[in-house]
Every structure is written in C-alpha cells, then in structure tokens.
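S.K.: Right, I'll just put the structure down here and ask away after.
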Amino acid sequence: MLNTFAKFLLVSTSLSPLLGAVAVNQFARGEPASRYGAWVAAALLLIFLCWALLRYASKNAQKHAYRIKEFERDDKEVLAFLVAYLLPFLSTDKMGFAGDWLTGAYVLLIIFLVIAHAGAFHFNPVMGLLGYHFYSVKNEDGVSHLLISRAELRRPGQEVQTVRLAHNIYLHTEAANAP
C-alpha cells in the first residue's frame, strides 16, 4: 500500500489542468515562454508522475482479490468540476499569477487541501484522460471503497484483482476488458 504518497500524488495530479490554464492565460496575454513554460512543465511532470505511480502500483504492489457486491460510476461530475475551477482562470486577465507567485501557491494549496480533505479523488481529469474510470464500490461486507479502473464495470458480483493505493482506494490491475 502506497497510502500517503499515493493520495498526495492523486490530488496533485488533479491540479495539473489548473497549472495548464495559468500557462494558457499567460501565453494568451503575450507573456514570454519563460513565464508560462514552468507552469506547462509542472503540469506535464504531474501527468507523468500520475501515470508512473499507477503503472508501478499495478505491476509491483501486492494484489488482492476484491469481490464487488455493488458499484456506481463515480466520475460523472468531472466536467462540472473542471468548469468550476478552470473558468475563472481562463475568463479574466488578472488571474495569471504573473507577478505574485505567493498568490498562485496559496490558491493551489487551498484547492489541494479541499480535494484531499473531501476525498474527491474521482475529480481527476488527468486520470480520465489516461483512460481510468472511478467507481464507488461495496464489498460483500457492505464497506464502500473507491475503485480506479481502466475497465468499464458491467455487473455486480464479479471478483477483480486490485492493489490498495491508500485507505479505501483500490486500483483494478486487470486488463481493460473486465467481465
């Protein structure tokens, strides 16, 4: 189980579209590449780290069988989430963090803390772009967990191979065609 590091990375990668929005905003205002390049680099680094974490975990972490009693797709609100936290940065010329990096760091920290505290890991558009889906699943004991899977779950009662990323967060390790 990767626990704290995995949770930190999952939340951090959900912020990469925000970093990209800042870069696009600065580019649109005619800022030099040296101003927006760091934002792009940080966003791309977070995307790579997310991909690497999921790949590493699926190959190296201890696997567990997880019998799914019930499930519900949990990534339906990603678009609303993106609009809610990206629109202010794209629609105004004053929110580019151009001169005050402390303001930018503060805003990113607040968003990070809200996502982490709420356990809103299913609001990760980067993982959606990488082909992952988020499911709220219950095991045979009725305990709810978050299941991250490239496969589209189709029926309850199936048993899937998973690795535990953190408390209540599992990664489905089988091929993208689940039963």
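The values are calculated or read from the model by the stated rules, or taken from the named source; none is laboratory data. These numbers come from a predicted model, not from an experiment. Note that we place each Cβ from the backbone using ideal geometry, even for glycine, and neighbour counts take in every protein chain shown. To get the accessible areas, we keep the full protein, side chains included, count just its heavy atoms, and leave off ligands, DNA and RNA. Shrake-Rupley method; radii C 1.70, N 1.55, O 1.52, S 1.80 Å.
S.K.: So which helices (runs of 4 or more DSSP H) stay within segment 1-72 end to end and still have 1 or more residues that are modelled with pLDDT under 85 and open to solvent by less than 10 Å² (accessible area, probe 1.4 Å)?
M.R.: Ranges flagged: 4-14, 16-28.
S.K.: Does segment 76-97 include one or more residues that are at pLDDT 60 or above, among the polar types (S, T, N, Q) and exposed (fewer than 12 other Cβ atoms within 10 Å of the Cβ)?
M.R.: No, segment 76-97 contains no residue that is at pLDDT 60 or above, among the polar types (S, T, N, Q) and exposed (fewer than 12 other Cβ atoms within 10 Å of the Cβ).
Residue-by-condition table, conditions (1) outside any loop (DSSP other than H, G, I, E, B); (2) out of contact with any strand residue (DSSP E or B) (no Cβ under 6 Å at 6 or more places or on another chain); (3) open to solvent by 10 Å² or more (accessible area, probe 1.4 Å):
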| site | (1), (2), (3) |
| --- | --- |
| G128 | yes, yes, yes |
| Y135 | yes, no, no |
| D141 | no, yes, yes |
| L146 | yes, no, yes |
| R155 | no, yes, yes |
| V160 | yes, no, no |
| R164 | yes, no, yes |
| Y170 | yes, no, yes |
| E174 | no, no, yes |
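S.K.: Moving to a separate point now. Any idea which of (1) open to solvent by 60 Å² or more (accessible area, probe 1.4 Å); (2) modelled with pLDDT of 75 or more; (3) under 22 Å from the mean Cα position of the chain (by Cα); (4) not polar (S, T, N, Q) is the one L109 doesn't satisfy?
M.R.: Unmet for L109, out of (1) open to solvent by 60 Å² or more (accessible area, probe 1.4 Å); (2) modelled with pLDDT of 75 or more; (3) under 22 Å from the mean Cα position of the chain (by Cα); (4) not polar (S, T, N, Q): (2).
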